[in-house]
Amino acid sequence: MIERPKPEYRSGIGIDIHELVVGRRLMLCGVHVPHPSGLAGYSDGDVGLHAVIDALLGAAAMGDIGTLFPDDDQRWKNADSKDLLAIVKEQLDEKDWEIANIDLIIHADQPRLESFKGQMKRCVAEILGIDFAVVNVKAKTDNGFGDVGAGDAIAATAIVLLKKKFRRTL
C-alpha cells in the first residue's frame, strides 16, 4: 500500500498602508477606483495587492514585499502591482504551493468601495489563476479614527491559506 503524505497547510498575514496624495491614480486590488487622490508609493501603491503579496510570501516563508521588490531598485519604480503579484505566483508555483483561499480587508473611509469589490475579487483571482469563489474582499471604514478615518490614507489586511501540492512519485 502506498502511504500518502499528510497535506501541509500554511497561513500568512499581510498588512499595508499608504498615504493618499493628489496627482496619482487610485489603484486597489488592480482596479482603478475614481477618486481625486491616489496612493503614494514607490510602485503604484496598491495596498490591497501589497497586503496579499506579503501574506503569500509569509505563508510560504519567502520573506516580504520590501525584500523581494526593494524601493531602491529602479525596476520597481512605478511598477504595476499586478505584475508584482504575478511574479510571486510564479515563485509559489516553483515551490509547489497552491492557494486555498484569500481574505482581504480594505480599510477606507473614502471612497466607498462596495461597487468595486466584485471587480477586485475577479482581478486577484485572474492574476493568481484561482477560482473567484476562494477570494474574498471586504471594505471597512475606520469611523473617523486615525489616518484612514481622517481620509489621509488607505490600508489593507490580508490572510491567506496555502496548501502544498501533492506530487506523486513512482
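Just so you know, all these numbers are worked out from the coordinates, no wet-lab data involved. Because the structure is predicted, anything quoted here is derived from the model rather than measured. Cβ placement follows ideal geometry from the backbone for every residue including glycine, while neighbour counts extend to all protein chains displayed.
Taking θ as phi - 60° and the Karplus parameters 6.51, -1.76 and 1.60, the scalar couplings of the range 69-80 work out to 10, x, 7, 9, 10, 4, 4, 9, 4, 6, 5, 7 Hz in sequence order, x denoting glycine and proline.
Subtracting the Cα-Cα distance of Ile15 and Ile87 from 0.36 nm times their residue separation leaves 24.0 nm of extension gain.
Testing the spin-label approximation: label points 7 Å from Cα along Cα→Cβ at Lys165 and Lys6. State their distance in nm. Result for the modelled spin labels: 2.4 nm.
Counting only DSSP H runs of at least 4 residues, each contributing -39500 (n - 2.57), and dividing by the residue count of the chain, the helix-based mean residue ellipticity at 222 nm comes to -8000 deg cm²/dmol. Taking label points 7 Å from Cα along the Cα-to-Cβ direction, Gln119 and Thr141 give a separation of 2.1 nm. Local charge for Lys138 was computed over the other residues whose Cβ lies under 9 Å away, with Lys and Arg +1 and Asp and Glu -1, and equals +1. Computed over the Cα atoms of the chain, the ratio of the radius of gyration to the Kirkwood radius (Rg/Rh) comes to 1.02. Using only side-chain charges placed at the Cβ, +1 for Lys and Arg and -1 for Asp and Glu, the dipole size of the chain relative to its Cα centre rounds to 740 debye.
Show me the trypsin sites (Lys or Arg not before Pro) within the range 22-116 that DSSP assigns to loop and that have at most 15 other Cβ atoms within 10 Å of their Cβ. Spell out each step's value before the answer.
Numbers: sites: Arg24, Arg25, Arg75, Lys77, Lys82, Lys89, Lys95, Arg112; in loops: Arg24, Arg25, Lys77, Lys95, Arg112.
Taking the range 22-116 and a limit of 15 other Cβ atoms within 10 Å, the loop trypsin sites (Lys or Arg not before Pro) found are Arg25, Lys77, Lys95, Arg112.
Using the Cβ-Cβ distance between Glu126 and Asn78 with R0 set to 35 Å, the FRET efficiency works out to roughly 0.95. Pairs of Lys residues in the chain that lie 8 or more places apart, or on two chains, and have C-alpha atoms under 15 angstrom apart add up to 13. Reducing the range 15-55 and the range 100-170 to their Cα centroids gives an inter-centroid distance of 13 Å.
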